[in-house]
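Student: Provided herewith is a single structure, encoded as structure tokens, for subsequent inquiry.
What follows draws every value from the coordinates through simple rules; no lab data is involved. As the structure is a computational prediction, the values presented were derived from the model and not from experiment. A quick note on method: Cβ atoms are made from the backbone with ideal geometry, for glycine too, and the neighbour counts reach across all protein chains shown.
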Amino acid sequence: MTFRTIIEPFRIHSVEPIRLTSVEERRDALRAASYNVFSLRAADVMIDLLTDSGTGAMSRDQWAAIQHGDESYAGSPSWELFRESVQSLFPFRHVIPTHQGRAAEKILFSVLGGPGKVIPSNTHFDTTRANIEFTGAEGVDLVIPEGRDPQSLHPFKGNMDIDALEALIAERGAANIPVIMLTVTNNSGGGQPVSLANVRAVSEVAHRHGIPFFLDACRYAENAWFIREREEGQQDRNVADIVREMASYADGMTISAKKDPMGNIGGWLALNDDAVAQEARNLLILTEGFPTYGGLAGRDLEALAVGIRESVSHDYLQYRIRSTAYLGEALHASGIPVVRPIGGHAVYIDAKALLPHIPPKQYPGQSLAVALYEEGGIRGCEIGTVMFGLHPDGTEHEAAMELVRLAIPRRTYTQSHIDYVIEVCRAVATRADALRGFRITEQPRALRHFTAKFEPLA
Ligand SMILES: *Cc1c(COP(=O)(O)O)cnc(C)c1O
């Protein structure tokens with residue numbers, strides 16, 4: 001007998017209280033935060049779906065490993081455990097620990113980037129793009145056309161468009177492309193996976209032109225699980241083997257250990273090229289620390305060594321992917337427009353379709369994010385014109401999509417929390433016609449979504 005209910009493959013060992021708030025309290029909190037959910041006090045949030053980055057629950061074994069942390073400045077045994085754990089999935093010659101993913105990006109692109117250079121990816125994550133552009137290089141997104149269509153049901157919407165990659169190389173010249181990246185899963189494109197065939201094809205093109213190929217591997221385990229479920233001939237494989245095969249096509253990787261490796265902090269850069277690794281270590285020492293700890297404490301390295309092993313557990317991944325889909329499919333079945341297929345780490349509500357009466361420059365995603373908090377204390381994140389609309393020259397443009405992302409922290413919420421989220425979303429959708437747009441009263445010049453202040457329109 002197989003059962004429909006996906007049970008969490010863990011019991012709760014230590015609990016964190018959630019403070020239950022009233023609608024009146026939440027209205028006051030919204031006013032005090034100038035209607036920006038980033039400015040809310042986390043203690044006033046009941047279900048926090050702002051991000052899956054560093055917000056997951058560590059396991060008993062990770063907490064136990066923390067007690068083994070060896071804080072020696074150089075050559076700590078915790079470092080050796082960490083390096084072995086990384087190399088068990090990603091057997092690159094050099095492993096360089098950093099405090100977060102963006103520090104690994106900063107170091108890699110400081111070595112490889114620079115004016116006149118072009119760095120393609122399926123879709124660059126925002127910190128990746130920012131670190132590329134900071135060196136004067138250009139980031140180019142080459143996801144397949146289905147990856148830009150919220151309703152396309154392509155099984156691997158994170159794939160790179162191989163023809164577009166060939167065309168870019170022909171146009172700009174291989175000598176100006178210092179590295180080709182691939183983000184697995186494609187976070188900015190809805191957490192959509194990349195197929196093994198596509199990883200292989202990108203690698204083949206890169207190497208034919210003598211260009212190094214790197215993974216932005218933050219969600220390697222979720223991506224490998226999708227490969228196992230959706231790609232022909234992969235059904236009987238072990239996820240760890242699929243991850244190793246993905247790594248075998250690449251020359252290196254950057255990663256945030258706050259995602260699939262189950263850390264609350266951490267990241268690394270790994271690669272095979274000795275000369276690039278040497279330069280990267282020299283830069284590491286300037287800002288992160290000695291090469292055997294990077295920006296991390298020995299205890300963090302221990303927790304990650306265990307988290308990396310746990311990340312490829314089939315029981316965990318089945319629960320992870322199916323429970324994210326459970327939320328997304330329930331919203332879809334209720335007539336709430338969501339990006340489909342449902343990705344690995346988050347559900348994206350299409351605010352433009354749900355709130356067609358609010359024009360993009362009155363921020364339908366912001367309106368929906370505010371309504372979800374007011375209705376039920378749920379915090380999601382606008383990914384639309386607030387986040388992407390303000391250009392460096394000060395002009396404002398509509399974003400391609402107006403989404404609200406509900407990101408699911410790993411091993412943190414239970415099915416009844418998610419059932420509550422579904423109810424709150426339905427309640428907001430029933431009064432969608434009554435939601436109003438917003439105007440911005442104060443904003444910085446860049447990355448305005450973090451600190452802008454809003455006012456509801458009458
Ligand atoms: C989170 C993330 C990063 C950046 O990592 P941080 O640890 O937040 O610095 C880079 N790429 C992707 C795809 C991410 O999801």
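Student: Could you sort 167-179, 361-373 so that the peptide with the highest average Cβ count within 10 Å comes first and the rest follow in order?
Tutor: 361-373, 167-179
Student: Let me ask you something else. Quick one: Kirkwood hydrodynamic radius for the stretch 50-135, alpha-carbon pairs, angstrom, one decimal? Walk me through the numbers before you get to the answer.
Tutor: Numbers: mean 1/r = 0.0634 Å⁻¹.
It works out to 15.8 Å.
Student: What does the highest-first list of 60-73, 417-430, 115-128 look like by mean Cβ count within 10 Å? Spell out each step's value before the answer.
Tutor: Details: 60-73: 14.4, 417-430: 18.1, 115-128: 21.1.
By packing density, highest mean first, the sequence is 115-128, 417-430, 60-73.
Student: Also: Please compute one quarter of the surface area of the Cα convex hull for the stretch 147-246 and express it in square nanometres. Show your work: numbers first, answer last.
Tutor: Numbers: hull surface 26.0 nm².
So the Cα hull casts an average projection of 6.5 nm².
Student: Give the Rg (one decimal place) followed by the Dmax (whole number) of the stretch 60-311, computed from C-alpha coordinates and expressed in Å.
Tutor: 17.5, 54
Student: Any chance you could give the angle, 0 to 90 degrees and rounded to 10, that helix 220-230 forms with the longest Cα principal axis of the chain?
Tutor: 80
Student: So which of 117/352; 157/259; 117/453 end up more than 31 Å apart by C-alpha?
Tutor: 117/352; 117/453
Student: For the chain, find the longest principal axis of its Cα atoms and tell me its angle to the long axis of helix 196-208, 0 to 90°, nearest 10.
Tutor: Its long axis makes an angle of about 50 degrees.
Student: Okay, moving on. Using the 2.2 N^0.38 Å rule of thumb for compact globular proteins, work out how the chain stacks up: its C-alpha Rg over that value, please.
Tutor: With N residues counted in the chain, Rg over 2.2 N^0.38 Å equals 0.96.
Student: Another question about this same structure. Whole-Hz Karplus ³J(HN,Hα) for the stretch 33-45, in order, using 6.51 cos²θ - 1.76 cosθ + 1.60 and θ = phi - 60°, x for Gly and Pro?
Tutor: 8, 6, 6, 10, 5, 5, 8, 6, 6, 4, 5, 8, 9
Student: Rounded to the nearest 5, what % of the DSSP beta bridges within the stretch 60-311 are antiparallel ones?
Tutor: Working: 12 of 23 bridges.
Antiparallel: roughly 50 percent of the beta bridges in the stretch 60-311.
Student: Give the percent of DSSP beta bridges with both residues in the chain that are antiparallel, rounded to the nearest 5.
Tutor: 65
Student: Okay, next question. So what are the three principal axis dimensions of the stretch 46-96 from its Cα atoms, in whole Å, longest to shortest?
Tutor: Rounded to whole Å, the extents work out to 42, 26, 19 Å.
Student: Helix 415-430: angle to the longest alpha-carbon principal axis of the chain, degrees 0 to 90, nearest 10?
Tutor: Helix 415-430 and the main axis of the chain meet at about 50 degrees.
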